[in-house]
Amino acid sequence: MLKIFYKKATCKVPMMTSRNNRMFAVHTKFTKQHEWIKYDDVSKEGTFGITDYAQKELGDIVFVDFPFKGDKFNQGDVIGAVESVKTSAQVYVPVQSEVIENNTEIETNPALVNEDPHGKGWISKLKITNEEDITKLMDEKQYKEYLATL
């Protein structure tokens, strides 16, 4: 009996590392201009794009204009543009930040913004330089309530 218990007790268990031991605090927030940002309040980095509502309003997206890596923006600044077959729209940065990466995959396949706007269709990754800006954004529930008024 003891031998069986010993075997069960020594089965492989994931080891705790400093990376998976840390608590990740990832949040998604929204703007009234229909951008979203998913950010980690530990690393102070976020990924942003346009919302599903925005991509549906725009229609088939054919081009995304990116900022340059290293560009710095204040909350609400124009950071780029999205062009569709029927119109174009400016994209506003949700928080004061610095661009650390652009989604080069949507350069060659802008339809990803339509297909997966909150996933593979992200636009840029940002280093957040003013955390207070996050508090001015809507959470998912507030954003859905806002959409209901449109």
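Here are some notes:
- Spin-label zone in segment 65-109 - amide nitrogen under 14 Å from a point set 7 Å from the Cα of E132 along the C-beta vector: 75, 96
- Within segment 40-139, the trypsin sites (Lys or Arg not before Pro) that combine a DSSP coil assignment with at most 10 other C-beta atoms in a 10 angstrom radius are K86.
- Distance from the C-alpha centroid of segment 90-150 to that of segment 30-79: 3 Å, rounded to the whole angstrom.
- Theoretical gain in end-to-end length, D41 to D139 [0.36 nm per residue, Cα-Cα removed]: 33.8 nm
- Cross-link table K32/K136; K29/K69; K120/K144; K72/K125, entries beyond 18 Å C-alpha to C-alpha: K29/K69; K120/K144
- Put simply, the amide H of E45, placed in the peptide plane, has neighbours under 5 Å in D40, I128, leaving out anything fewer than 5 places away on its chain.
Throughout, read-outs are computed from the coordinates displayed, never taken from laboratory work. None of these values were measured; they are calculated from a predicted model. Cβ coordinates were reconstructed from backbone atoms using ideal geometry, including for glycine residues, and neighbour counts include every protein chain displayed.
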